[in-house]
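Accompanying notes for the structure given below.
The values are calculated or read from the model by the stated rules, or taken from the named source; none is laboratory data. A quick note: this is a predicted structure, and the numbers were derived from the prediction, not measured. Here the Cβ is made from the backbone with ideal geometry for all residues, glycine too, and neighbour counts use every protein chain on show. Side chains included, ligands, DNA and RNA excluded: accessible areas come from the protein's heavy atoms. Shrake-Rupley method; radii C 1.70, N 1.55, O 1.52, S 1.80 Å.
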Amino acid sequence: DFMNLGRDIRMIEEGGAAFVHIDVMDGHFVPNLTMGVPLLKQLKPATNLLCDVHLMIDNPLDELPWFIDAGADLLNVHVEALDEADLARAVAQIHEAGLLAAAALKPKTPANALSPVIAELDMALVMSVEPGFSGQSYIAGSDLKVAEVVQMARAAGNEELLIQVDGGINRDNAADAARAGATCAVVGSALFGASDPAELVRYIQSC
């Protein structure tokens with residue numbers, strides 16, 4: 001509830017969530033507009049949770065400095081928005097700022113698109129819905145891509161890589177993603193629509 005955002009962030013914080021996932025959409029890379037720098041600047045001092053900023057935008061290299069300055073703890077860029085050289089440049093720029101670096105894959109993007117940077121990443125994000133709108137259903141088979149990313153990370157010597165899955169995660173599919181190797185889950189509609197959000201957080205963390 002954007003009219004009660006502080007209240008809802010306190011609710012997930014008290015419920016045991018590990019981070020706040022902030023979806024930034026530009027209306028070009030994905031067909032929607034959402035949060036941006038002013039919101040992050042106000043949100044950062046209002047929570048002790050890690051601010052995980054997911055940049056679903058066309059020009060991440062241009063805007064990384066904005067979100068670094070605004071207080072992001074982790075910045076996540078989409079591989080589809082950058083060529084190989086710029087993807088490596090983005091990861092390096094995030095690390096130079098002292099932040100965690102992540103790269104995200106749309107559902108139709110093969111896992112091997114992460115190959116150029118997987119050894120340097122702190123987290124990889126597997127989208128399990130088409131990015132742009134909340135409330136979508138989990139795409140069956142997304143766990144297979146999660147497993148593939150896990151194998152790639154091991155082969156690259158990055159066994160500590162966090163594997164995040166995002167899209168349609170709920171009580172019915174969280175365990176499947178975890179069994180495939182996902183170590184963190186983005187939960188939106190299922191969490192904020194739950195009768196007992198804290199219980200759902202505990203359940204998903206137990207998977």
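Over all other residues within a Cβ to Cβ distance under 10 Å of Thr34, the charged ones net out to -2, with Lys and Arg as +1 and Asp and Glu as -1.
Bridgeable aspartates and glutamates around Lys145 (alpha carbons under 13 Å apart, same-chain partners fewer than 8 residues away excluded): Asp166, Asp176. Along the stretch 13-19, what does the Karplus equation 6.51 cos²θ - 1.76 cosθ + 1.60 (θ = phi - 60°) give for ³J(HN,Hα), rounded to whole Hz, x for Gly and Pro? Once rounded to whole Hz, the list reads 5, 5, x, x, 4, 8, 7.
A 1.4 Å probe run over the protein chains yields, for the stretch 70-148, 40 Å² of accessible area per residue, whole-number rounding. Projecting label points 7 angstrom from Cα along Cα→Cβ for Asp172 and Gln42 puts them 3.6 nm apart. Taking label points 7 Å from Cα along the Cα-to-Cβ direction, His28 and Gln151 give a separation of 3.7 nm. For the chain, leaving out every one of the trypsin sites (Lys or Arg not before Pro) that falls in a DSSP loop and has at most 15 other Cβ atoms within 10 Å, the longest unbroken run is 1-107. Of the solvent-accessible surface of the chain, computed with a 1.4 Å probe over protein heavy atoms with every protein chain present, carbon and sulfur atoms account for 51 percent. Compute the separation of the alpha-carbon centres of the stretch 43-109 and the stretch 134-159 and state it in Å as a whole number. A separation of 19 Å, based on Cα centres.
Taking amide H positions as modeled 1.01 Å from N, with prolines and chain starts lacking one, the residues under 5 Å from Ala104 and 5 or more places away or on another chain are Val77, His78, Val79, Leu125. If we count GluC sites (Glu not before Pro) as exposed when they sit in a DSSP loop and have at most 11 other beta carbons within 10 Å, what is the longest stretch of the chain that avoids them all? The segment 1-158 is the longest one with no such site.
Local charge for Ile57 was computed over the other residues whose Cβ lies under 10 Å away, with Lys and Arg +1 and Asp and Glu -1, and equals -4. Which one, Ala90, Gln151, Pro31, is farthest towards the positive end of the dipole of the chain when Lys and Arg carry +1 and Asp and Glu -1 on their Cβ? Of the listed residues, the answer is Gln151.
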